[in-house]
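Undergrad: The structure under discussion is supplied below as structure tokens; questions concerning it will follow.
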């Protein structure tokens, strides 16, 4: 049962990711991204990480995506201004090279992956996550706040009209 | 609900980083004051933070500390790397003061971001856990992405910033995937516990792919071939002071973290990564040096030169043992002084309303500004590796480590490359001393702080070249904690 | 804790201070430089005291690179010979530094001058302290560089710049051989440090030893201005006079003698080399002395006399009388420094006059200079009782027992020496004044800062000989002191032969001075008659045996023509072709690689992706 669910959800995630990359229309792309984020959230659920799944839906699929769509609609993207890439043909190489990577990974999976260490049993509740964040992962947690601050400062600096 | 048992928080090992980040906060606050304060004051605060961090780092020498459940390992290795990083960042701040005033926006955020980035570098070198490593790497990189695009009115700067950001994110995704796979294989992100769990499982595919993807992510940060292509564009487009930080600090931090991960967590896979990095080192130095020959833009030239130097340093990583990483640490120190100095000279030069970045701009510099030309000449000679300057001694230790570890051919390739490199460095010297400029060449823009930074860098390369032994001994000793 | 490191460190610190803060220090440069060398002298005394009773010690001065079992370090090797050399270099050096404070006092490059002078003392001290041939070579070159800087100190004068260049090039010729010799030594012995080398020379085949020794001696010829590489030294007089005193008389030029004496084990292994040394020394001694007979420039007289005296030293070490050679080196350092400083005092007092024809009658105006310089001159001539007499007599006795022909030639040289010294003293100080009234009016004695060194050196010239050089059955005191370093080959003293030799040399000296008195004192001097070639021999000597012209015609011109021809025929076609071809290949490759750098993010990302695939393929295939 879980196996079948995984296959379906994963196929959906991959398909939506492909759609995101391949569609020229930005709005369509954004909508594909919503589907992608949602299916990843579903994957989290099947792994028993309810909290992560909820956060994924609320923060990413909800808030961030709305911002994305707004931004796309407000800023109408202009034409490319840089001219043609002289090595444009090379881009087609991406397909075989990507396929090679996929093949490698497939071969590895086929050859059988060694024992996967059992992940630390984390009941996916808010409390458990909070407990971990404030004890074991205190440093990364605080570090994230610094990272966000730096990101904010940077964005403000780049976005400011003065200069 | 059971009460939360807060673990003991040891601030001590975190102190140097906290000083830097605190200074960053202070800089941001100063920038918010209703009446704008002078940029000198802001720069001074930033510099004071870095010097404070440097002192705090030096004060902890020989007193290793671990904190936050081994997520932070401030051993001598991290301390040595942090000294290099603090020095580099301090030089960059000193160089920035007048350079920014001339070319760019007068903002406090610049210094805040430099400090954030520096904090990230210091944490990166001290990370004992892959999660902290990743976050530190992001803190460092994110700040650098923004700094690279600081000169928004210049198209090249925006383009550089964007490229750096997109490709950086691309590389980081590989790194993150690698971390996830290693976690999957070993069930932990702690470096020591990974080593324990991975013992005897060197050929576990998960682990092998994890290793490969980690090397990809680090390869981008240190700009080794084939993940180097961003470097010339970014080095050229970014403000020169930021370029200096990217070339010195970020490289030092990433190399230190790479060595720590390889030598502690993945020591079981050494036969694998050593051979792979052997090839990468050989190709990196060759490509860097060969392409540098064709460059006419000094910043691009130095970008390729820095790629080549990463190739040299990877020789030390390949050589392993205690001699190899020790030689890399020492090289990082010499390289930080030399490269910061070379870029520093560029920040002090300008030509009619623009930066002087073409080699041709420096024609006849020796006649117009003999001291400046001599300084740049010395930095370039140190990059070539002419005794008794620091660059020679650094290369000597690297190649000696390789030879003693049995990598004779790698050392030979390194020596051949050094000879090749002399061509393009000396070409600049020839321009400065033997050519007359076409039109008005570069001229010096006096700057007290910048001059002081150059003086410090010069003293550094001469001192490290003439009496290298004590510093090299420290670098060797600093590697010991990794090899337990 | 050894204090040996202070000896080089102090002058080096002085030099660096004056180089970097010269503008700030300015006229006070001597307050840095003079104490630095004076303290180095005190430190040398301490080191000397440690080897007073013989024996030797080593002291690590500086460790450069340590990597595993490889260690590049500078180790000082101190034995009695080193101790003597240290005392001479720092002692005479300190006196000349002091003198320079007066002589150079209104020169524009005051700080630069003292920086170079300190740098020279540093290099020379390191040359003497070196414990292996590599360090010796490095500082051998360094003293050459300092000499070049100081000869060309007044670089705006074309003659000075030219002389500096000449010294540099001629020295390079010698150093080329010296470098080859050291390389050969290394391949033959496998080590370069003195103890190992001198222990293992016994295993060298004599032809090998001969080859190495002769190449090393080639370097010595360059540095010590022996035939055929002597031509630079007379020209080097273009530098400031204290420099001539320090470098081109007292210290640097003796480096060659020191090196041969230090490597005597190697030279003895090859008897041929030692013989060559002796003959070159004898030839140079006579050759330079004959040229000195006719010079009109007071500094050039002294310069040729230096070349000649160095020849005596080489003759001594060449016949195995090492201690005698080194003793002459020491006494020569005293009286030749004294003579140069005296000449400098004359030049200073007469407002820059160097020509003997326009001097005369200075004895009444410059009493101190006259007395001290006369003492130095008598020392050089070898008047009994003074230092030069004892040291030269020691050499003559040793050579007499080795080879009569050499002895006869050296005796002839001694006669010439006595003559030109007397001639110089008479013309400068005692004959009637020949300068213009106005010039004569300005003649004045030099300040005490310059005369004090003169007095000290004169005192040393008087006492050194009696104190250290008095012969006895067991050799001189000086030779006994060096007995741990050199085997004693001294001639047997006492007996009628030694006495006869001594009497003979006294007679020769007296004859030389008397002849000079007859020619320049008994009748009034006609300045226009001096320095004019009257006979072929005179012209031959005035032109220094035409050696410079010979070199010009036989070496310089053909070489220029050849290089011009090669540049046209060979370089352009072949070498340039190869080099350019190689260069073009690399540049072409570089351009091709550069084209990959398109600037498009997508392409960069694609390259990275390819890299990922390659990495994983490689790792998985293992």
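The values are calculated or read from the model by the stated rules, or taken from the named source; none is laboratory data. Quick caveat: nothing in here was measured; it's all calculated off a predicted structure. With ideal geometry, Cβ positions are generated from the backbone for all residues, glycine too; neighbour counts draw on all protein chains shown.
Undergrad: Within the group B:136, B:157, which residue is more than 27 Å from residue B:455 (Cα to Cα), modelled with pLDDT under 90 and in contact with a helix residue (DSSP H, G or I) (Cβ under 8 Å, 6 or more places away or on another chain)?
TA: B:157
Undergrad: Then there is this: So in segment B:429-457, with the set limited to residues that are surrounded by fewer than 21 Cβ atoms within 10 Å (Cβ to Cβ) and under 24 Å from the mean Cα position of the chain (by Cα), which one is nearest to residue B:82 (Cα to Cα)?
TA: B:456
Undergrad: Looking only at segment C:457-475, how many residues end up being at pLDDT 75 or above, in contact with a helix residue (DSSP H, G or I) (Cβ under 6 Å, 6 or more places away or on another chain) and within 22 Å of residue C:48 (Cα to Cα)?
TA: Qualifying residue count for the region: 6.
Undergrad: State yes or no: is residue B:57 buried (at least 21 other Cβ atoms within 10 Å of the Cβ) and either part of a helix (DSSP H, G or I) or within 14 Å of chain A (Cβ to nearest Cβ) (or both)?
TA: Here the answer is yes, as residue B:57 does meet what is asked.
Undergrad: Then there's this: Given segment B:311-423, what helices (runs of 4 or more DSSP H) lie entirely inside it while holding 2 or more residues that are surrounded by fewer than 24 Cβ atoms within 10 Å (Cβ to Cβ)?
TA: B:365-368, B:370-384, B:390-404
Undergrad: I need the full set of residues from segment A:123-156 which are in contact (Cβ under 8 Å) with a residue 40 or more places away in the chain and buried (at least 16 other Cβ atoms within 10 Å of the Cβ), in order please.
TA: Residues satisfying the conditions are A:124, A:129.
Undergrad: Quick one: count up the residues across segment B:149-164 that are more than 10 Å from chain A (Cβ to nearest Cβ) and either more than 18 Å from residue B:248 (Cβ to Cβ) or assigned to a loop (DSSP other than H, G, I, E, B) (or both). Spell out the reasoning first.
TA: Of segment B:149-164, the ones more than 10 Å from chain A (Cβ to nearest Cβ) are B:154, B:156-157, B:160, B:162-164.
Pick out the ones that are also either more than 18 Å from residue B:248 (Cβ to Cβ) or assigned to a loop (DSSP other than H, G, I, E, B) (or both) and you get B:154, B:156-157, B:162-163.
The number of residues fulfilling the criteria is 5.
Undergrad: Another question about this same structure. Return the residues of segment B:217-268 that are closer than 25 Å to residue B:457 by Cα, in a helix (DSSP H, G or I) and within 13 Å of chain C (Cβ to nearest Cβ); say none if nothing qualifies.
TA: Listed by number, the residues that qualify are B:221, B:231, B:232, B:234, B:235, B:236, B:237.
Undergrad: Which is within 13 Å of chain B (Cβ to nearest Cβ), at pLDDT below 80, part of a loop (DSSP other than H, G, I, E, B) and more than 19 Å from the chain's Cα centre (by Cα), of A:109, A:116?
TA: Every option except A:116 fails the conditions.
Undergrad: Given the criterion buried (at least 23 other Cβ atoms within 10 Å of the Cβ) and more than 22 Å from residue C:91 (Cβ to Cβ), identify the matching residue among C:327, C:314. Don't jump to the end; show me each part of the working.
TA: Working: C:327 fails: more than 22 Å from residue C:91 (Cβ to Cβ).
Answer to the check: C:314.
Undergrad: So is residue C:428 within 24 Å of residue C:515 (Cβ to Cβ), assigned to a helix (DSSP H, G or I) and at pLDDT 85 or above or not?
TA: no
Undergrad: Kindly provide the set of residues from segment C:601-612 that are surrounded by fewer than 20 Cβ atoms within 10 Å (Cβ to Cβ) and more than 7 Å from chain B (Cβ to nearest Cβ), ordered by number.
TA: C:602
Undergrad: Just checking, which of B:213, B:207 is farther than 18 Å from residue B:127 by Cα, part of a helix (DSSP H, G or I) and more than 10 Å from chain A (Cβ to nearest Cβ)?
TA: Criteria check complete, one pass: B:213.
Undergrad: From the list B:179, B:194, which residue is more than 10 Å from every other protein chain (Cβ to nearest Cβ), assigned to a helix (DSSP H, G or I) and buried (at least 24 other Cβ atoms within 10 Å of the Cβ)?
TA: Every option except B:194 fails the conditions.
Undergrad: May I pose another question? Which residue, of B:101, B:108, B:168, B:119, is closer than 29 Å to residue B:14 by Cα, more than 19 Å from the chain's Cα centre (by Cα) and touching a residue at least 12 places away in the same chain (Cβ under 8 Å)? Step through it out loud before you land on a result.
TA: Numbers: B:101 fails: closer than 29 Å to residue B:14 by Cα; B:168 fails: more than 19 Å from the chain's Cα centre (by Cα); B:119 fails: more than 19 Å from the chain's Cα centre (by Cα).
None of the others qualify; the one that does is B:108.
Undergrad: In segment C:456-476, how many residues are in a helix (DSSP H, G or I) and buried (at least 16 other Cβ atoms within 10 Å of the Cβ)?
TA: 10
Undergrad: Quick one: in segment C:147-158, of everything that is in contact with a helix residue (DSSP H, G or I) (Cβ under 6 Å, 6 or more places away or on another chain) and more than 15 Å from residue C:222 (Cα to Cα), which residue is surrounded by the fewest Cβ atoms within 10 Å (Cβ to Cβ)?
TA: That would be C:155.
Undergrad: Scan segment B:293-304 residue by residue and report those that are more than 13 Å from the chain's Cα centre (by Cα) and in a helix (DSSP H, G or I).
TA: If the condition is that a residue be more than 13 Å from the chain's Cα centre (by Cα) and in a helix (DSSP H, G or I), then B:293, B:298, B:299, B:300, B:301, B:302, B:304 are the ones that fit.
Undergrad: Any residue at all in segment C:77-90 that's within 14 Å of chain B (Cβ to nearest Cβ), part of a strand (DSSP E or B), in contact (Cβ under 8 Å) with a residue 40 or more places away in the chain and crowded, with 19+ Cβ neighbours inside 10 Å? Outline the logic, then answer.
TA: Here is the first cut: in segment C:77-90, the ones within 14 Å of chain B (Cβ to nearest Cβ) are none.
Checked segment C:77-90: no residue is within 14 Å of chain B (Cβ to nearest Cβ), part of a strand (DSSP E or B), in contact (Cβ under 8 Å) with a residue 40 or more places away in the chain and crowded, with 19+ Cβ neighbours inside 10 Å.
Undergrad: Within segment B:269-286, restricting attention to residues that are surrounded by 22 or more Cβ atoms within 10 Å (Cβ to Cβ) and within 11 Å of chain C (Cβ to nearest Cβ), which residue is farthest from residue B:209 (Cα to Cα)?
TA: Initially, segment B:269-286 is screened for residues surrounded by 22 or more Cβ atoms within 10 Å (Cβ to Cβ), giving B:269, B:273, B:277, B:280-281, B:284-285.
Now narrow it down to the ones that are within 11 Å of chain C (Cβ to nearest Cβ): B:269, B:273, B:277, B:280.
Values: B:269: 12, B:273: 12, B:277: 15, B:280: 17 Å.
Here the answer is B:280.
Undergrad: Determine which member of the set B:444, B:458, B:464 is more than 12 Å from chain C (Cβ to nearest Cβ) and touching a helix residue (DSSP H, G or I) at 6+ places or on another chain (Cβ under 8 Å).
TA: Every option except B:444 fails the conditions.
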